[in-house]
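The values are calculated or read from the model by the stated rules, or taken from the named source; none is laboratory data. Just so we're clear, the structure is a prediction, and the values are computed from it rather than from any experiment. When we count neighbours, we look across all protein chains shown, and the Cβ atoms used for this are built from the backbone with ideal geometry, even at glycine. All accessible areas refer to the heavy atoms of the entire protein, side chains included, with ligands and DNA or RNA removed. Shrake-Rupley method; radii C 1.70, N 1.55, O 1.52, S 1.80 Å.
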2 protein chains.
Amino acid sequence: MLKYSIILLILLLFFFSCSRQEQPADLRPVENPVLVIHGGAGVILRSEMSAGKEQAYTEKLQEALQTGYALLLEDCSSLDAVQAAINIMEDSPLFNAGKGAVFAANGKNEMDAAIMDGKTLRAGAVAAVQHIKNPINLARLVMEKTPHVLLCGQGAEEFARQQGMPLMPEEYFFTEHRWQQFLKAKEQDTIPEDTTSGKKFGTVGALALDKAGNLAAGTSTGGLTYKKSGRIGDTPLIGAGTYADNQTCAVSATGQGEYFMRGVVAYDIAAMIEYRGLSLEAAVQEAIKKLSAAGGTGGVIALDRKGHMAMTFNTAGMYRGYIRDNTPVVMLYKE
Amino acid sequence: MLKYSIILLILLLFFFSCSRQEQPADLRPVENPVLVIHGGAGVILRSEMSAGKEQAYTEKLQEALQTGYALLLEDCSSLDAVQAAINIMEDSPLFNAGKGAVFAANGKNEMDAAIMDGKTLRAGAVAAVQHIKNPINLARLVMEKTPHVLLCGQGAEEFARQQGMPLMPEEYFFTEHRWQQFLKAKEQDTIPEDTTSGKKFGTVGALALDKAGNLAAGTSTGGLTYKKSGRIGDTPLIGAGTYADNQTCAVSATGQGEYFMRGVVAYDIAAMIEYRGLSLEAAVQEAIKKLSAAGGTGGVIALDRKGHMAMTFNTAGMYRGYIRDNTPVVMLYKE
């Protein structure tokens, strides 16, 4: 009961704080806004999931969907919805983003995030930040308050401080589960492969289509357990792990970042739609096929202005869901 | 006389140290290897260039071309040639890369670089490093010695130390010319626009096609004067400022990085060749047209496996050149 009151309160706060946007006459109004999210791909098997864990993930994904969707219904922008949905997952220790982020080889949490506006192609991103509660919020400030797209490390945190964003102590991000994963990786002196059961990437992402017909994409992550300090993955790189363009699609990726970087996967999906005339579904299938051929694993979610969506991966499962007419749909496994 | 002896010595050292590569049977041997370089685009006007300055730039670009080309003639890889050509420009205070890099808002040099192998699509990059004499060399080590593509800041420098690369004192990178630019920008509290005369971006880049028919691309930069500390531009981002794929082309960009990041310009050129069937020249023209339409300025060099090349920009000039049959060709202005 208390939980639902808190959610309601958060929703009400968002309703009165988000930036309302006008609908330009040249944009076809969209009947149903859409929100699509993921919470990471990897070895997610029904046989190894406890009922309690399954319920916890399902409820948190539903909460993220409902929070973002409520904003869309209130005429807030797709950027606001993406940010709000990602905040819910960043604040949950279930996902590898914000609280619950994995540990780099130096035993620190180093987080990356990006957000992109499909209407203007403006984008903001941060990389290797250690004390930011919601990296996606700092990414949005980079987009809106600087002439830059990507800030990393201490420079990004100095900018956060200048913007009045509180820096969190390292303890805030700590979870015993992630620490044990780190200790095991450290003992073996290697980044855990995703082929062993129980491993998953856990990056979170969201895509939204708002009533004005504008797309947005966002992604937030703690990266890879035992990655080298300073390693930047695909998440904060526009065109690799995050991309949005009203003319083609919005994309958010999760998986082995280096494969998405070398393949420029998010922009490649947009390019196959624009230049080859592929459907969203076909372009996403082709991108995952190329990813597999290159030896990479992971998944993407994609959404276009007509509300077409795809949630495709070459792993055993991907935490994912969407909402387009009030009822959130959440899936965890392949089938 | 001493100068030419030193160059000769450097060339000899490269000949005996670079990694020779075998020529796979499935690759058409290339008669003439090709090397294309740039030293930055911007307001470069003949009317404002002194004879001495023109000669200094011309000679340094020639030296970079001859150094890389000598390696290509000796069957070294395109990666080796790209790296060697960029090293010459990084070590020269004439360019905004390595020694002579511009100063960020915190008064420090923060440098970015990337290298990519068109044969394997492997890539390595570093961002916001402050003490690395040749950032392109560290980028190559990231590619060859880590499972990652991009390392930033102190983590990247820690990796350099582990690899036995000496860290340089900040004074090494200092040039009075760049410091004065910084002081002026600081006084005005703004990043200088490229519309005023004398301003140029000064990023350096190189593309090579070796005898085995393999492409490589590399780019190295100090970024923008008075940029926020931690700002990462397009240079170290695969698909934005640097890209290479034997199947399409190699690209290196220079200009207002944020526009190249949002437009995913380097990969967009490759995508237009692959998906739209455009020629290299047409794809590059289209990319610069899109850059101009978005309000961005800068230029790119591009090279494909058949030796087609393009050196295109929407600024008043771009330091650039190529070599394909022993004689380096260098150009500075538009006409």
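Key figures for this structure:
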read-out: Complex-versus-alone comparison for segment A:200-242, residues with a loss of 10 Å² or more in accessible area, probe 1.4 Å; value: A:LYS228, A:SER229, A:GLY230, A:ARG231, A:ILE232, A:LEU237, A:ILE238
read-out: Unsatisfied cross-links (Cα-Cα over 21 Å) in the set B:LYS53/B:LYS99; A:LYS108/B:LYS133; A:LYS133/B:LYS145; B:LYS60/B:LYS306; B:LYS60/B:LYS145; A:LYS228/A:LYS334; value: A:LYS108/B:LYS133; A:LYS133/B:LYS145; B:LYS60/B:LYS306; B:LYS60/B:LYS145; A:LYS228/A:LYS334
read-out: Antiparallel DSSP beta bridges within segment A:130-270, percent to nearest 5; value: 90 percent
read-out: Å² per residue, accessible surface of segment B:172-297 at 1.4 Å; value: 31 Å²
read-out: Computed accessible area, A:VAL284, all protein chains, 1.4 angstrom probe, square angstrom; value: 0 Å²
read-out: Equivalent ellipsoid dimensions for segment B:133-240 as semi-axes, Å, which come from the Cα gyration tensor, largest first; value: 28, 19, 13
read-out: Compactness relative to 2.2 N^0.38 Å, alpha carbon Rg of chain A; value: 0.91
read-out: Only Lys, Arg (+1) and Asp, Glu (-1) charged, at Cβ; segment B:84-222 dipole about Cα centre in debye; value: 320 debye
read-out: Cβ-placed point charges (K, R +1; D, E -1), dipole of chain A about Cα centre in debye, nearest 20; value: 340 debye
read-out: Relative contact order computed over segment A:101-253 (Cα-Cα under 8 Å; 6+ residues apart), in percent; value: 34 percent
read-out: Per-copy distances of the B:GLY295 label point, shortest first, in nm (7 angstrom along Cα→Cβ); value: 4.3
read-out: Positive dipole terminus of the protein assembly as shown, leading residue within A:ILE37, A:GLY52, B:ALA216 (C-beta point charges); value: A:GLY52
read-out: Label 7 Å beyond Cα on the Cβ vector: B:GLN162 copy-to-copy distances, nm; value: 3.2
read-out: Interface size B-A, as summed buried accessible area [1.4 Å probe, Å², nearest 100]; value: 3100 Å²
read-out: Distances in nm from B:SER279 to the matching label points in the other copies, shortest first (labels 7 Å along Cα to Cβ); value: 3.7
read-out: Size descriptor, Kirkwood hydrodynamic radius, that averages inverse alpha-carbon separations across the protein assembly as shown, Å; value: 24.9 Å
read-out: Per-residue ³J(HN,Hα) for segment B:97-106, Karplus 6.51 cos²θ - 1.76 cosθ + 1.60, θ = phi - 60°, Hz, x for Gly and Pro; value: 6, x, 4, x, 4, 6, 9, 6, 4, 8
read-out: Relative contact order, percent, chain A [alpha-carbon distance under 8 Å, six or more residues apart]; value: 24 percent
read-out: A:LYS289 accessible area, 1.4 Å probe, all protein chains in place, Å² to nearest 10; value: 140 Å²
read-out: Cα→Cβ-extended label distance, 7 Å offset, between B:ASN32 and A:MET168, nm; value: 6.0 nm
read-out: Within the accessible area of chain B (1.4 Å probe), percent carbon and sulfur; value: 53 percent
read-out: Computed E for A:ASP325/B:ARG161 - FRET, C-beta separation, R0 35 angstrom, nearest 0.05; value: 0.05
read-out: Selected from B:GLY98, B:GLY257, B:GLY295 as most flexible by GNM, with chain B as the system and alpha-carbon contacts under 10 Å; value: B:GLY295
read-out: Accessible area of A:HIS308 in the full protein assembly, 1.4 Å probe (Å², nearest 10); value: 100 Å²
read-out: Protein-only accessible surface order, largest first, of A:LYS211, A:LYS53 at 1.4 Å; value: A:LYS53, A:LYS211
read-out: Paramagnetic reach from B:LYS184 (point 7 Å along Cα→Cβ, amide N under 20 Å) across segment B:300-335; value: B:315-319
